[in-house]
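S.K.: Mind looking over this structure? Questions follow.
The values are calculated or read from the model by the stated rules, or taken from the named source; none is laboratory data. Since we're looking at a predicted model, the values are computed, not measured. No Cβ is skipped: glycine too gets one built from the backbone with ideal geometry, and neighbour counts run over all protein chains shown. Keep in mind that these areas ignore ligands, DNA and RNA; they rest on the heavy atoms of the full protein, side chains included. Shrake-Rupley method; radii C 1.70, N 1.55, O 1.52, S 1.80 Å.
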Amino acid sequence: MKHHIRFKVNGDQYDLAVDPWRTLNDLLREDLNLTGTKFGCGTGDCGACTVMLDGKTINSCLTLAVEVDRREVTTVEGLAPSGEELHPIQETFIEKGAIQCGFCTPGMEMSGLFLLNGKKTPTESEIRTALSGNLCRCTGYNKIVDAIAETGKKMKK
Amino acid sequence: MSKIQFEYFAPETIEETVALLQAHGEGCHVMAGGTDLLVKIQHRVTHPKVLVGLGKIKELKRISFSLKSGLTIGAMASLADVAAHPKIKKHFPSVAHAAASTANVQVRNKGTVVGNICNASPSADNIPTLLVLGSRVNIAGPDGETRMPLADFFLGPGISALKPGQFVTSLNVPVPETHTGTAYLSLSQRGQLDCSAVGVAAMVVMDKNKCKDARIAVGACAPIPMRTTAAEKMLIGKPLTHKAIEAAAVRASKETKPITDVRASAAYRWKMVAVLTIRALIEAQKNARKQ
Ligand SMILES: Cc1cc2nc3c(=O)[nH]c(=O)nc-3n(C[C@H](O)[C@H](O)[C@H](O)COP(=O)(O)OP(=O)(O)OC[C@H]3O[C@@H](n4cnc5c(N)ncnc54)[C@H](O)[C@@H]3O)c2cc1C
Ligand code: FES
Ligand code: FES
């Protein structure tokens, strides 16, 4: 039986009927066409599917769509709502060369932002720990860590 | 490959949850954070017919503390909430530390401490600490509320003592005596990201230099997380000298029954139980002094 769910994604309200076995990742990518959020492992290891649920990062592959009823989801698309002006973390990822193929980038940015929302000037070790649930198969970790540190400084200004 | 299909219910009360579990019987699973369950479904190890999500039962999110009734962690309190809770950090630092050293940020934001227990994995990172602290599990079921020592909760790998229709509503950790110190140490290949190959928790109650009480629990080295009671007895009533600690650690290692698996060999585990027990006892003793 399909479930009726009512929830917000990037501020937009949705009312949908969903099958209970489909994940939030399926819903975002297949039904809402928000393909910024990626699908990698499906088992919580790679973090490519990271989104915020009520302001906290979670793996959308390990979240059922029915679980987001009455809740708020933020995806990477929500960081640049106008579609033109980028969020400081996105700008800084570009400036610092923290993007190679880009597959891990949306997840890295969500994890980075979650860290910075709690603390604007994290240490390098805190940044690395905060990214422990995100893998970069291009292994550009140093530049990603730099970009997050730099974003924190910009956001503090 | 097509997905495993199941029904889903999101009850808003404990009573409704019990009724659903009773009505659907076998093939009906409780879901807290889903970070174990949904991985098992994805891997096709578990084929549920029905999932009962606990996310809409508000009271299960609660974490409460009082000097009289101790710490109560609701079934939906996330690992991240437990790791960051000021009262837990102050009164039960090793409980906060164990939660903080489970998995990664995203999994801690969604996964729960109670789910870690109910999954009943021998390597679960939160269990050894909760065992040495003498925790109890609060259970709701067809016959009402019951309480069980955590030590009686594990029957085998992945098997808990819950009966049909029952689920865990919260976990209670009593306030330890003064001059109690605890510590949890674990080893795994990828830092804290993967399940531990060995985990050891220790608790000591000190009376000046003498050890009034000692408890040691080991994870991932037997079919269930276990206390090593013979080793504990060697310490109780004695001064905690390095020699006494070493002898107890060797004994603790002998009490475990590790196997060789993907995470480590049995021989390595035996050695590491002794090493970690020494370190955990020393750290627990230090923490007892801080009080
Ligand atoms: C990438 C990754 C890394 C991980 N790393 C670690 C690690 O380092 N250490 C570690 O110990 N674990 C680890 N885990 C496993 C998992 O995240 C934890 O065990 C977590 O605490 C499970 O909680 P949950 O709420 O998500 O449980 P769920 O998946 O919701 O449930 C787990 C099991 O318990 C049952 N259950 C849950 N709640 C209740 C209840 N209240 N009453 C009765 N039954 C219940 C469910 O039916 C299910 O069988 C990891 C998982 C992932 C995906
Ligand atoms: S796709 Fe979700 S963690 Fe890899
Ligand atoms: S940039 Fe390619 S996976 Fe990270």
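S.K.: Please work out the Kirkwood hydrodynamic radius for segment A:3-78, using every pair of different C-alpha atoms, and report it in angstroms with one decimal place.
M.R.: Numbers: mean 1/r = 0.0835 Å⁻¹.
About 12.0 Å for segment A:3-78.
S.K.: Give the angle, between 0 and 90 degrees and rounded to the nearest 10, that separates the Cα long axis of helix B:242-255 from the longest principal axis of the Cα atoms of chain B.
M.R.: Roughly 40 degrees between the two axes.
S.K.: Just the number please: accessible area per residue for segment A:88-156, 1.4 Å probe, all protein chains included, in Å².
M.R.: Working: 3200 Å² over 69 residues.
Averaged over the residues of segment A:88-156, the accessible area is 46 Å².
S.K.: To continue, here is another question. For segment A:3-78, what is the accessible area per residue in Å² when the probe is 1.4 Å?
M.R.: On the way: 2780 Å² over 76 residues.
Spelled out: the 1.4 Å probe surface of segment A:3-78, per residue, equals 37 Å².
S.K.: Here's a follow-up. Counting pairs of Cα atoms in the protein assembly as shown, how many percent are more than 29 Å apart?
M.R.: So the portion of pairs separated by more than 29 Å is 50 percent.
S.K.: Among the aspartates and glutamates, which have Cα under 20 Å from the Cα of B:K58 when same-chain residues fewer than 8 positions away are ignored?
M.R.: A:D54, A:E67, A:D69, A:E72, B:E12, B:E15, B:E16, B:D81, B:E145
S.K.: Quick one: give the max-minus-min coordinate of the C-alpha atoms of segment B:56-108 along each principal axis, largest first, in Å.
M.R.: 33, 29, 12
S.K.: Still on this structure: Ratio of Rg to Rh for segment A:61-110, alpha carbon only, Kirkwood? The partial results should precede the final answer.
M.R.: Details: Rg = 13.3 Å, Rh = 12.6 Å.
Radius of gyration over Kirkwood radius for segment A:61-110 works out to 1.06.
S.K.: Between rounded, prolate and oblate, where does chain A land on the alpha carbon gyration tensor, with a ≥ b ≥ c its root eigenvalues, rounded for a/c under 1.5, else prolate if a/b exceeds b/c? Write down the numbers at each step before the final one.
M.R.: Details: a/c = 2.04, a/b = 1.71, b/c = 1.19.
The shape class here is prolate.
S.K.: Quick one: which bits of segment B:1-39 get at least 50 Å² less accessible when the partner protein chains are in, versus the chain alone, with a 1.4 Å probe?
M.R.: Listed in order, they are B:K3, B:F6, B:Y8, B:L38.
S.K.: If you take the accessible area of A alone plus B alone and subtract the pair, what total do you get in square angstrom, rounded to 100, with a 1.4 Å probe? Can you show the working numbers first?
M.R.: Values: alone 8240 and 14240 Å², together 20250 Å².
That pair hides around 2200 Å² of surface in total.
S.K.: Something else about it: Can you give me the convex hull volume of the Cα atoms of segment B:1-73, divided per residue and expressed in Å³?
M.R.: Working: hull volume 7.7 nm³, N = 73.
Once divided by residue count, the hull of segment B:1-73 is 106 Å³.
S.K.: Sum -39500 (n - 2.57) across every DSSP H segment of at least 4 residues in chain B, then divide by the residue count to get the 222 nm mean residue ellipticity, nearest 500.
M.R.: Details: 11 runs with 101 residues, N = 291.
Value at 222 nm, helices only, nearest 500: -10000 deg cm²/dmol.
S.K.: What residues does segment A:31-46 have that are buried by at least 40 Å² of accessible area in the full protein assembly compared to the chain on its own, 1.4 angstrom probe?
M.R.: Residues of segment A:31-46 that lose at least 40 Å² of accessible area once the other chains are added: A:T43.
S.K.: Just to confirm the filter: which trypsin sites (Lys or Arg not before Pro) across segment B:58-91 are DSSP coil and have at most 12 other Cβ within 10 angstrom of their Cβ?
M.R.: On the way: sites: B:K58, B:K61, B:R62, B:K68, B:K87, B:K89, B:K90; in loops: B:R62, B:K68.
The qualifying sites are B:K68.
S.K.: Would you mind calculating the relative contact order of chain A from Cα pairs under 8 angstrom and at least 6 residues apart, reporting the percent as a whole number?
M.R.: Values: 288 pairs, mean separation 36.7, N = 157.
Relative contact order of chain A: 23 percent.
S.K.: Restrict the search to segment A:88-127; then list the chymotrypsin sites (Phe, Trp or Tyr not before Pro) that DSSP places in a loop and that have at most 13 other Cβ atoms within 10 Å of their Cβ.
M.R.: Numbers: sites: A:F93, A:F103, A:F114; in loops: A:F103.
Hits after loop and neighbour filter: nothing returned.
S.K.: Could you look at segment B:155-291 and say what percent of its accessible area is carbon and sulfur, using a 1.4 Å probe and all protein chains?
M.R.: Values: 3840 of 6580 Å².
Answer for segment B:155-291: carbon and sulfur cover 58 percent of the accessible area.
S.K.: If you build a Gaussian network model of chain A, linking Cα atoms that sit under 10 Å apart, which residue out of A:D12, A:D69, A:D26 swings the most?
M.R.: Of A:D12, A:D69, A:D26, the Gaussian network model singles out A:D12 as fluctuating most.
S.K.: Using C-alpha positions alone, give me the convex hull volume of segment A:88-156 per residue in cubic angstrom.
M.R.: Values: hull volume 4.7 nm³, N = 69.
Cα convex hull per residue, to the nearest whole number: 68 Å³.
S.K.: For chain B, modelled as a GNM with alpha-carbon contacts under 10 angstrom, which of B:D152, B:D261, B:D125 fluctuates the most?
M.R.: Judging by the Gaussian network model, the answer is B:D261.
S.K.: Calculate, for segment B:6-84, the solvent-accessible area per residue in square angstrom, rolling a 1.4 angstrom probe over the heavy atoms of the protein chains.
M.R.: Details: 3760 Å² over 79 residues.
Dividing the accessible area of segment B:6-84 by its residue count gives 48 Å².
S.K.: So if I average 1/r over every pair of distinct C-alpha atoms in segment B:201-291 and take the inverse, what Kirkwood radius in Å does that give? Write down the numbers at each step before the final one.
M.R.: Working: mean 1/r = 0.0764 Å⁻¹.
Its Kirkwood hydrodynamic radius stands at 13.1 Å.
S.K.: Something else now. Any residues in segment B:55-78 that have 10 Å² or more less accessible area with all protein chains than in their chain alone, probe 1.4 Å, and which are they?
M.R.: Correct list: B:K56.
S.K.: Roll a 1.4 angstrom probe over the protein heavy atoms and tell me the percent of accessible area of segment A:1-107 that is carbon or sulfur. Don't skip to the answer; put the middle values down first.
M.R.: Details: 2100 of 4640 Å².
Ligands and nucleic acids excluded, carbon and sulfur reach 45 percent.
S.K.: Relative contact order of chain B: what whole-number percent is it, with Cα pairs under 8 angstrom and at least 6 residues apart?
M.R.: Working: 662 pairs, mean separation 45.0, N = 291.
The value is 15 percent.
S.K.: While we're looking at this one, here's another question. Jot down the per residue volume, in cubic angstrom and as a whole number, of the convex hull over the alpha-carbon atoms of chain B.
M.R.: Details: hull volume 36.3 nm³, N = 291.
Normalising the Cα hull of chain B by residue number yields 125 Å³.
S.K.: I've got another one for you. First measure r as the distance between the Cβ atoms of A:K120 and B:Q189, then evaluate 1/(1 + (r/R0)^6) with R0 = 30 Å and state the FRET efficiency to the nearest 0.05.
M.R.: Here the calculated transfer efficiency is 0.35.
S.K.: If you build a Gaussian network model of chain B, linking Cα atoms that sit under 10 Å apart, which residue out of B:T178, B:T256, B:T229 swings the most?
M.R.: Between B:T178, B:T256, B:T229, it is B:T178 that shows the largest mean-square fluctuation.
S.K.: Next up: List the GluC sites (Glu not before Pro) within segment B:159-262 that DSSP assigns to loop and that have no more than 16 neighbouring Cβ atoms inside 10 Å. Before the final figure, lay out each step's value.
M.R.: Working: sites: B:E177, B:E232, B:E246, B:E255; in loops: B:E177.
Answer by residue number: B:E177.
S.K.: Under a crude label model (7 Å from the Cα following the beta-carbon direction), how far is B:A84 from A:M155 in nanometres?
M.R.: 1.3 nm
S.K.: Using the 2.2 N^0.38 Å rule of thumb for compact globular proteins, work out how segment B:103-188 stacks up: its C-alpha Rg over that value, please.
M.R.: On the way: Rg = 13.8 Å, N = 86, 2.2 N^0.38 = 12.0 Å.
That ratio works out to 1.16.
S.K.: Right, next: Would you work out which of A:N10, A:N142, A:T74 lies farthest towards the positive end of the dipole of chain A? Charges go on Cβ: Lys and Arg +1, Asp and Glu -1.
M.R.: Farthest towards the positive pole: A:N142.
S.K.: Taking GluC sites (Glu not before Pro) as exposed when DSSP calls them loop (any state but H, G, I, E, B) and at most 11 other Cβ atoms lie within 10 Å, what is the longest stretch of chain A free of them, the sites themselves excluded? Display every interim value, and only then the final one.
M.R.: Numbers: sites that count: A:E84, A:E85.
Here the longest segment lacking exposed loop sites spans A:1-83.
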